[in-house]
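To start, the structure under review is shown below, and the notes come after it.
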Amino acid sequence: MEGGAERLPLVAMMDFLSDVSVEISVLAGVARVKSFMLTPEHELPEEVLLAEGILAWHLLEYNKEMLDKLVSAKVIVRVGIGIDSVDLKYAGLKGVYVANVPDYGVEEVADSSMNHILNLLRRTVCASLQANDSRWNTLRASGATRLRGQTLGIVGFGKIGKALAVRAKAFGLRVIFQDPAIEDGVEKSLGVERVDTLKELVEVSDILSLNCWLDSNNRHLINRESLSWIKPSGIFFVNTARGGLVDEGALLEAIKGK
């Protein structure tokens with residue numbers, strides 16, 4: 001029995017997750033599954049080089065150098081939605097299939113996005129910290145504002161963007177979005193509005209939420225130019241997507257300039 005198991009192809013859980021009991025159960029009789037808990041500082045163990053399947057969380061980059069080392073790999077599955085950590089073109093040249101988990105964390109990320117919006121507009125965390133420090137008075141809640149009637153602009157209207165829109169509408173927010181990949185008519189079915197360009201979105205938004213994935217076409221989507229489109233009254237900014245979508249230097253300049 002053990003000898004038969006050893007002849008099964010190896011699927012390597014590369015990083016982050018040590019408990020692979022679920023994966024072992026799902027792939028029983030099809031593949032062996034082993035967790036390696038690697039970080040970028042680790043050398044790849046020899047056993048990993050023999051893995052035909054790669055389960056990739058978020059700590060490692062699957063660039064040309066990495067893909068050349070994974071000589072036995074036939075498929076890489078990103079345990080998540082974004083695939084920006086994989087060089088798709090080079091993987092394709094090597095005949096390595098790449099897949100993602102398109103519904104991973106949809107509810108959780110939408111909840112977190114809405115939670116950040118609530119915290120920013122109602123100053124919940126700020127007030128809580130001050131109360132815990134015995135410094136509470138009503139003036140410390142100044143700046144908290146009503147949600148109803150505010151405009152939420154969502155960049156990226158996939159599963160997470162749509163889930164956030166449903167939550168935001170329950171609080172009375174006006175929801176608009178920008179996403180050229182989304183078919184016409186979605187806005188009518190959800191009772192939201194769409195605009196064609198990021199500029200149009202930023203110019204009218206009171207709150208801006210990034211809910212798109214990162215690729216070579218939208219890196220630093222939020223930059224000096226797009227930040228200059230913010231209306232004079234300012235904007236609340238939430239990013240539960242990828243950090244690479246934002247030019248952090250430009251964002252810091254914009255914050256300091258207010």
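The values are calculated or read from the model by the stated rules, or taken from the named source; none is laboratory data. In this text, all values refer to a predicted model and were calculated from it rather than measured experimentally. Cβ: placed from backbone, ideal geometry, glycine included. Neighbour counts: every protein chain shown. Ligands, DNA and RNA are stripped out before the accessible areas are found, and what is left, the full protein with its side chains, is counted by its heavy atoms. Shrake-Rupley method; radii C 1.70, N 1.55, O 1.52, S 1.80 Å.
Side notes on the structure shown:
- Exclusive hit being free of Cβ contacts under 8 Å to residues at least 60 places away in the same chain, open to solvent by 30 Å² or more (accessible area, probe 1.4 Å) and either within 24 Å of residue 111 (Cα to Cα) or not in a loop (DSSP other than H, G, I, E, B) (or both), set 165, 181: 181
- Taking the criterion of being out of contact with any Gly (no Cβ under 6 Å at 6 or more places or on another chain) and in contact (Cβ under 8 Å) with a residue 40 or more places away in the chain, the residues of region 196-238 that qualify are 198, 202, 204, 206, 207, 209, 210, 215, 221, 236, 238.
- Looking across 121, 152, one residue alone is closer than 18 Å to residue 240 by Cβ and touching a residue at least 60 places away in the same chain (Cβ under 8 Å). It is 121.
- In the set (1) outside any loop (DSSP other than H, G, I, E, B); (2) crowded, with 18+ Cβ neighbours inside 10 Å, residue 157 fails one condition alone, (1).
- Single match in 240, 197 (criterion: over 26 Å from residue 89 (Cβ atoms) and in contact with a His (Cβ under 8 Å, 6 or more places away or on another chain)): 240
- Annotation: residue 84 fulfils all but one of (1) out of contact with any Leu (no Cβ under 7 Å at 6 or more places or on another chain); (2) surrounded by 15 or more Cβ atoms within 10 Å (Cβ to Cβ); (3) part of a loop (DSSP other than H, G, I, E, B); (4) modelled with pLDDT under 95; the unmet one is (1).
- Among the candidates 55, 67, residue that is modelled with pLDDT of 95 or more, open to solvent by less than 50 Å² (accessible area, probe 1.4 Å) and either more than 16 Å from residue 20 (Cβ to Cβ) or part of a loop (DSSP other than H, G, I, E, B) (or both): 67
- In the set (1) surrounded by 19 or more Cβ atoms within 10 Å (Cβ to Cβ); (2) closer than 22 Å to residue 126 by Cβ; (3) touching a helix residue (DSSP H, G or I) at 6+ places or on another chain (Cβ under 6 Å), the condition left unmet by residue 206 is number (3).
- Total residues in region 120-154 satisfying the condition of being closer than 21 Å to residue 204 by Cα and assigned to a helix (DSSP H, G or I): the figure is 3.
- Cross-chain or 6+ apart pairs with Cβ under 6 Å, region 99-117 first and closer than 21 Å to residue 172 by Cα, then open to solvent by less than 50 Å² (accessible area, probe 1.4 Å) and of a type in the set (Gly, Ala, Ser): 110/163; 113/209
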